[in-house]
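Some notes on the structure that comes next.
Rule-based calculations on the coordinates, nothing more; no lab input. Since the model is a prediction, treat every value here as computed from it, not as a measurement. Cβ placement follows ideal geometry from the backbone for every residue including glycine, while neighbour counts extend to all protein chains displayed.
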Amino acid sequence: METIGTAAEEMRGGPARNRALLIVNPRARRGTGSIAAAVTRLETAGVAVHEVKVGDEDTIDDVIRQQASTCDLVIVGGGDGTLNAAVPALVETGLPLGVLPLGTANDFARTVSIPPDLQKAAEIIAAGHLRDIDLGDVNGHLFFNVASVGFSAELAAELTQHAKKRWGVFGYAIVAARILLRSRLFTAHIDHDGTTEHIRTMQVSVGNGRYYGGGMTVEETATAEDGKLDLYSLEVDHWWRLLALLPALRKGTQGQWDDVRAFQTTEVTIRTRKPRPVNTDGELSTYTPARFRIRPKAIRVFAPPATNPPIMGEN
């Protein structure tokens, strides 16, 4: 794996200071808190941090493209939605990504074992170890964690920034319970690996990483580096059956249940009678028909070596 110059190299008179572009989402759950200690840790390690605010007329993508020639890496402070907003420019410029987890769920950080403690997350960036991470692609929209049609797309539409900031991961549960009571199955056609499956489902999820939705698990053995997409479809008859499934959904063992369809693939298309929104990393980005593909080793991320176990505590 490639590394970027470490503090030890700096003390030996090695490479010049690495220039980091820092972008913090102030609307993230912890976005208004202090990151001064994390920045100090980076500066001490020889990383020159330049923070740029995203103005009303710009996007995170715009800022990264504008600053690409002046930096060696990009550090994003925010949650999964903020990372998702940055990823097109990161792929385009080839700049490596450092993560300061400031969001509600921080599922991608959890997938690659980046701790919620900001100083420890900064130490991981300073250590300079880079991993090649896959991305999912649905209709040209990239995602780190999971893209879904059905229940979770309704959840994304109704879960406001205010609710996430005030209630954290409990906000997911509060809104989810309300939606669950009114949810109905819908018909979908799934094209993959030379076959078409006709289903009635509450939700179809296509995962690139392991965690999503505040700690749910796509599949217990999934990683963001295995070159595969993990699909599961919740084909349950009643809302109470979904409640019974919750422990398995948290563990990633739902594929063992009779009313859950699950498989791995590298490309799949989901078609529905009427266009239905697709939720990518917590944001509604496109509609069915939705073509999903894996983008292997699409981005470099500062993270502990892949042999480390995933962090199981709350992010």
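Assorted remarks:
- Scanning the range 231-239 for residues that are touching a Pro at 6+ places or on another chain (Cβ under 7 Å), within 27 Å of Pro289 (Cβ to Cβ) and assigned to a loop (DSSP other than H, G, I, E, B) turns up nothing.
- Residue check: Ala262 meets all listed conditions (1) in contact (Cβ under 8 Å) with a residue 12 or more places away in the chain; (2) surrounded by fewer than 16 Cβ atoms within 10 Å (Cβ to Cβ) but one, namely (2).
- Tally of residues being surrounded by fewer than 17 Cβ atoms within 10 Å (Cβ to Cβ) and closer than 19 Å to Ala303 by Cβ across the range 59-92: 1
- For Leu242, the criteria (1) surrounded by 18 or more Cβ atoms within 10 Å (Cβ to Cβ); (2) in contact with a strand residue (DSSP E or B) (Cβ under 6 Å, 6 or more places away or on another chain); (3) outside any strand (DSSP E or B) hold in every case but one, which is (2).
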